[in-house]
């Protein structure tokens, strides 16, 4: 009976496919379908973007290499409410001040643990990769296709049975989503490489970018590639480079040879043309003297307005591609109005707008999919305080912490990554300014607020 229903479903889908998007969408919702295909080919984004476009290649390398410099840590949750506050604070774009304020919450919410099986797995996700190369590959596929696929393999026996023992990044262009409609939107995954392999959905962590394309085919189940939004920009950039190369290869060909005598027939003209291309065109032959027994003249066509603005057009597309990926154009060796301070600000902007949001997205999905297998109370996080480009905000933070009497000295030390002072007990006390203290409280009492007989708890 199931086979008859499936045949009926497929026959209807085939009969109405591509005729009425609204009707097709209803059919998808009710009947479902088997394989959800993307409208754009991810392979084309990879070839025309990363492999054939120097700008996209440079941008993705900047992001991935910067991301791999930020270490990860495994924590145990101590305070769930404070942990929620920390997650919320680190979910947006952070400047240096917000980052260190979040660090105060992290110290309160989590306790770092070492020698965890989860940490060992991430340090060596599979026999072929370290975590840095694994992360680099994961981010690169995401920036090219809008999709990041992590495939987890569980051992069938041993102490780690039921937990992922190896993690692999799947090439996004080879992964297909198996769906049975909106009631069961993702029933599995299929990878096509040499042979077709079906993968259970619980073994895949799919980290995708937002895709508003809710069409009849279910394309929204895939993430939208940044290059889809910048497809025309990418095409224009590639065409500008191609045009420039062709112009350099044919420097002396922008014109026309004229036979003053008018005695050249079609065969001779073709032979002259072929000989001209062979001997006088191209960068190696540019500037050579043309020798001919015929009375010929040369009419130069000159450069068009489009040719003269080729460089400007190319620079414009480079800026647009940088905007798509939230990368300052100064980082691509663009020397226009570049200074040392501008470069510092550009690097900081790259971390704030491109690198940190990407790592947070990966962090949150790994905490949902991977981390609970190794402990219900564990938490994976990246230490953003280690980013050197964000350190210039420290002076501002010091000024803020100095006036924050509601934070203990040890909490301030934690915020600055100096560690707690376990020797002096007063480092865990609050020091209230005299302007905020009751009039009957002495200065000596203010140095130890816990000793005050006041009807409220300072903590």
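Bear in mind these aren't lab numbers, they're just calculated from the coordinates by the rules spelled out. Model, not experiment: these values are computed from the prediction. Here Cβ is always computed from backbone atoms with ideal geometry, including for glycine, and neighbour counts include all displayed protein chains.
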Checklist outcome for this item: Checking rank on 357-364, 420-427, 110-117, with mean other Cβ inside 10 Å and highest first, the result is 357-364, 110-117, 420-427
Checklist entry - To the nearest 0.05, how large is the calculated FRET efficiency for residue 344 and residue 132 if R₀ is 30 Å and r is the Cβ-Cβ distance? => result 0.75
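For residue 52 and residue 203, compute 0.36 nm times the residue count separating them, minus their Cα-Cα distance, and round to one decimal in nm.
51.1 nm
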Checklist entry - Where does each of 149-162, 127-140, 197-210, 48-61 land if you order them by average Cβ count within 10 Å, highest first? => result 48-61, 127-140, 197-210, 149-162
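Suppose the chain between residue 79 and residue 235 were pulled fully straight at 0.36 nm per residue; how much longer would it get relative to their current alpha carbon spacing?
Taking 0.36 nm per residue and subtracting the Cα distance, the gain is 51.1 nm.
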Checklist entry - Stretch residue 242-residue 413 to full length: gain in nm at 0.36 nm per residue minus the Cα-Cα span? => result 55.9 nm
Item to check | Distance-filtered residues of region 107-132 - backbone nitrogen under 11 Å, label point 7 angstrom along residue 163 Cα→Cβ | outcome: 116-122
Checklist outcome for this item: Site residue 153, offset 7 angstrom along Cα→Cβ, radius 17 Å on amide nitrogen, limited to region 344-372, gives none
Checklist entry - Expressed as a whole percent, how much of the Cα-Cα distance distribution for region 30-160 exceeds 28 Å? => result 40 percent
Item to check | Where labels lie 7 Å past Cα in the beta-carbon direction, separation of residue 269 and residue 319 in nm | outcome: 4.5 nm
Item to check | Cα-projected label distance for residue 174 with residue 111, points at 7 Å along beta-carbon direction, nm | outcome: 4.4 nm
